[in-house]
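S.K.: Have a look at this one before I ask anything.
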Amino acid sequence: MPESPSSGTREACEPGAHFMNNPPSTIGTANILAVDNDVDFLEVCRWTMEDMGCPIFFATSGEEALQRLEEREYAVILLDIAMDDMDGFEIATHIRNNPNTRHVPILFISGIVKTEKAVIHGYEIGAVDYLFKPFQTEALRAKVLFFLDLYRKNKAIENQNAQLLQTKQNLEQEITQRKRAESALQEAHDLLEKRVEQRTQQLIEANQLLAASEQKYRVLFESTPAGIAICDTQGWVLTCNPAWRQMLQCQSTPGENATLEPDRKILHQLLATATEFGVVRDREIVLNSPDTQEIKFALMNVNPVQVGDLSLFMVTARDITQRKQTLAERDRLIQELQDALAKVKTLSGLLPICACCKKIRDDSGYWTQIELFIQKHSDALFTHGLCPECTHSLYPGLCPRPEAE
């Protein structure tokens, strides 16, 4: 038996009982509140419902009942109508006016108030069922079990609704995040397309400038009078301009051209020198034709160039064959002039001449007629004739002796 209501505490009547008046609050626990100023009735309630697996709480006054309702949640309230401080109808009105307790089922229990008007009034203020004293404990258990099951089902529905609401919120949050991500992705995509478009336009303009620059340098490369060739480290020509090709061509037979080649040993030496010292300036080499005897001369410059990882050489050559021939012709003319000058000096010196036949002895010791010697060593020309004395001597009858001056 619980203690008297005035003591303010409620404990289990029997030792070892697993129901307490104030067990720890558990979320979702189906608690039962029994409100009656009759302690014996409360004991009957405890004894009747102690095997239902739910904590049972007791209140012996309306004020205590309302205080119990503030402490925890209940699955069902067993409320006596005839109370000392306030009747069950007043307590039920307070319960229905409280938003936290308005949905708790109220089972009115009465042994005095049994009129139809009171019953209707009880239903009007929120009662869900009535039980009149004396009653069968099986009826009380059945009604309480019904409300406990209803409470558990409602809680399950609430939990499911909460889970669905949480899932909905999560999905909405995920959708919002996805929309934001899609928006950010679209913005990034648009920005990327814009950058690609700008970059493409820049590349087009750069390619146009590069093509124009390449065309300009190609024109210079093709039109320069000096021969230009790009060679690898073995001396093989990778590309060359027309001046180079023209310089390395010679006429072998009518309508046919032969190739002039520089001495590869000398060319390798030039490349090695350029590799070691960085550049070769104005080195004269000979171009020979393997098919003809024609020879050309070229003045070469070698510059190493690096194209990525590829080591190459830019070889420039100027054909100096004509200049060499001009110099040789000049030297020949100078030599002839020097020889002529030497002969003129000999002619103006002392000449040995025969006193009788008037022949002159040359440098080789031969005697030559004077007119032949002078004609050979000068630009003078001779014609033959007879002076008056020789005419009289040879033809005395025809020509008189000339008078002496």
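S.K.: Applying the Karplus parametrisation 6.51 cos²θ - 1.76 cosθ + 1.60 with θ = phi - 60° to the phi angles of region 116-124, what ³J(HN,Hα) value in whole Hz is obtained for each residue in order, glycine and proline being reported as x?
M.R.: Going residue by residue, I get 5, 5, 5, 5, 4, 4, x, 5, 5 Hz, with x marking Gly and Pro.
S.K.: For Phe58, which sequence-distant residues (separation of 5 or more, or a different chain) have an amide H within less than 5 Å of its own amide H, given hydrogens modelled in the peptide plane?
M.R.: Here the answer is Ala34, since their amide H atoms fall under 5 Å of that of Phe58.
S.K.: Mind listing the phi-derived Karplus ³J(HN,Hα) values for region 214-221, rounded to whole Hz, using 6.51, -1.76 and 1.60 with θ = phi - 60°, and x for any glycine or proline?
M.R.: 3J(HN,Hα) across region 214-221, in whole Hz: 5, 5, 4, 5, 5, 4, 4, 5.
S.K.: Collect residues whose amide H, placed 1.01 Å from N in the peptide plane, falls under 5 Å from the amide H of Val76; neighbours closer than 5 in sequence don't count.
M.R.: Under 5 Å from the amide H of Val76 lie the amide H atoms of Leu33, each far enough along the sequence or on another chain.
S.K.: From the phi of every residue in region 197-202, what ³J(HN,Hα) in whole Hz does the Karplus formula 6.51 cos²θ - 1.76 cosθ + 1.60 yield, where θ is phi - 60° and glycine or proline is x?
M.R.: My calculation for region 197-202 gives 5, 5, 5, 4, 5, 4 Hz in order.
S.K.: Are there trypsin sites (Lys or Arg not before Pro) in region 52-139 that DSSP marks as loop and that have at most 11 other Cβ atoms within 10 Å, and which are they?
M.R.: Those that pass, being in a loop and sparsely packed, are Arg102.
No value in this document is a laboratory result; all are computed from the given coordinates. If you're wondering where the values come from, they're calculated on a predicted model, not measured in any experiment. For neighbour counting, all protein chains shown are included, and Cβ atoms are generated from backbone atoms with ideal geometry for every residue, glycine included.
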